[in-house]
Amino acid sequence: MAAWWRKQSGPGGGAAASAPVAAAAPAPAPPVHAGRPPETPREAMETALRKLTQTRAKALLARADGLAASSDGPVLLERLATAEQTDLKPMPATIARALRMTHDLDASMLELVDLFESDAALAQEALRVADSAYYRRGGGTIQSILDAAQRVGMSGLQNVLMGHLVRSALCRPGSHYDAIADHVHQHGLRVASIARRLARTFEQDPETGYSLGLLHDVGKLVLFDAIGTMRTQQRREVRIPPPFLKAMLRELHEPLGGLAALRWGLPPTHARAIARHHRDPLPEQHEPIIELLHVSERADLAQLRQEPLDTERWWREGALRTDRGQADPLIADAIQELTAG
């Protein structure tokens, strides 16, 4: 068993390991106040998210039953909770350079187009996005990467790059984990579409909403990426009991997703939204960007489960402050668009 696992288990580690996996009782939620939190420095945000990852990993270990404790789960938790192990693989150079250019007000669109044209997969994705129903409303024919770039703009190209990064930079975990990872990716695409439709109601730019929706569960893909790395290193399948894996995904994906967002250059406010989108505990202040992700995800899950869009309950349970009357018809329209394909 890993040294970190023995250390976190403590002298009575055997007793802790015999406890069944169970969700920790949520702490009483603080009241939601008016106003918005000040911008958190990037370094402070990263430190806080790493600490949260470690705290939740320790809690998971304390609740692990015997089967989970003897699996690969504790070693995986050690990798994720150790600071130097939670870093993502380096971003591909082409994507990193292109992302920097999309954030540079002085960058040349023609130079950015050249970068897209140098990567066949990126070029194909840019053409696909530009010809999607959302962007096709403006009419016209897309005949080149330049046409696509001019149609979607810099913010749209950012989302093309982020989508490509999510699909390509995180390795395949292998075995039955691939199907779960694919489900996470498809869920992210649907939440992104919903968030873009709802964004202005929550005081956000639609392209920002799309980007955050796409990345809101990326922490789960980070975890699967770590499984894939373990599988390669151990030259065997990674064995984790499904209930324990489910608990790991539930508890760790928010802080891991926030860390990924920081690593990929997103601002701390976006990392915080990804790391807090379940609103547990409830934010102390009104943060529309977090509310946007929370509602968009709940809408997609309701559609998947064939449940009614009970927005009254979502607003009540999430202590949301955004005007529900403005959001309701947009939520219904977004779900209708998804189901229509």
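The values are calculated or read from the model by the stated rules, or taken from the named source; none is laboratory data. Everything numeric here is computed off the predicted structure, so don't read it as measured data. No Cβ is skipped: glycine too gets one built from the backbone with ideal geometry, and neighbour counts run over all protein chains shown.
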Next item on the list: Select, from LEU112, LEU99, LEU76, LEU67, the only residue that is at pLDDT 90 or above, under 20 Å from GLY163 (Cβ atoms) and of a type outside the set (Ser, Thr, Tyr).
Entry: LEU112
Check: Taking the condition surrounded by 23 or more Cβ atoms within 10 Å (Cβ to Cβ), under 20 Å from the mean Cα position of the chain (by Cα), within 30 Å of GLY73 (Cβ to Cβ) and of a type outside the set (Asp, Glu), does LEU215 pass?
Finding: yes
Checklist line | Qualifying positions in the range 164-178 - surrounded by fewer than 19 Cβ atoms within 10 Å (Cβ to Cβ) and either in contact with an Asp or Glu (Cβ under 8 Å, 6 or more places away or on another chain) or modelled with pLDDT of 90 or more (or both) | finding: CYS171, ARG172, GLY174, SER175
Next item on the list: Within the range 115-154, track down each residue that is at positive phi and modelled with pLDDT of 90 or more.
Entry: GLY153
Item checked: Restricting the range 218-253 to residues that are without any contact (Cβ under 8 Å) to a residue 24 or more places away in the chain and in a loop (DSSP other than H, G, I, E, B), the residue that is surrounded by the fewest Cβ atoms within 10 Å (Cβ to Cβ) -> ARG235
Notebook entry, point to check: Could you say whether any residue in the range 305-314 is out of contact with any Cys (no Cβ under 9 Å at 6 or more places or on another chain), surrounded by 13 or more Cβ atoms within 10 Å (Cβ to Cβ) and at positive phi?
Noted result: no
Next item on the list: Would you mind finding the one in HIS270, HIS277 that is under 21 Å from the mean Cα position of the chain (by Cα), in a loop (DSSP other than H, G, I, E, B) and in contact (Cβ under 8 Å) with a residue 60 or more places away in the chain?
Entry: HIS277
Check: Are any residues in the range 287-301 farther than 14 Å from LEU189 by Cα and surrounded by fewer than 18 Cβ atoms within 10 Å (Cβ to Cβ), and if so, which ones?
Finding: PRO288
Notebook entry, point to check: Just to be sure, is LEU215 touching a residue at least 40 places away in the same chain (Cβ under 8 Å) and closer than 22 Å to SER168 by Cα?
Noted result: yes
Check: Just for the range 106-142: of the residues that are among the charged types (D, E, K, R) and part of a loop (DSSP other than H, G, I, E, B), which one is surrounded by the fewest Cβ atoms within 10 Å (Cβ to Cβ)?
Finding: ASP106
Next item on the list: Consider ARG272 carefully, then state whether it is under 22 Å from GLN158 (Cβ atoms), surrounded by 21 or more Cβ atoms within 10 Å (Cβ to Cβ) and in contact with a helix residue (DSSP H, G or I) (Cβ under 9 Å, 6 or more places away or on another chain).
Entry: yes
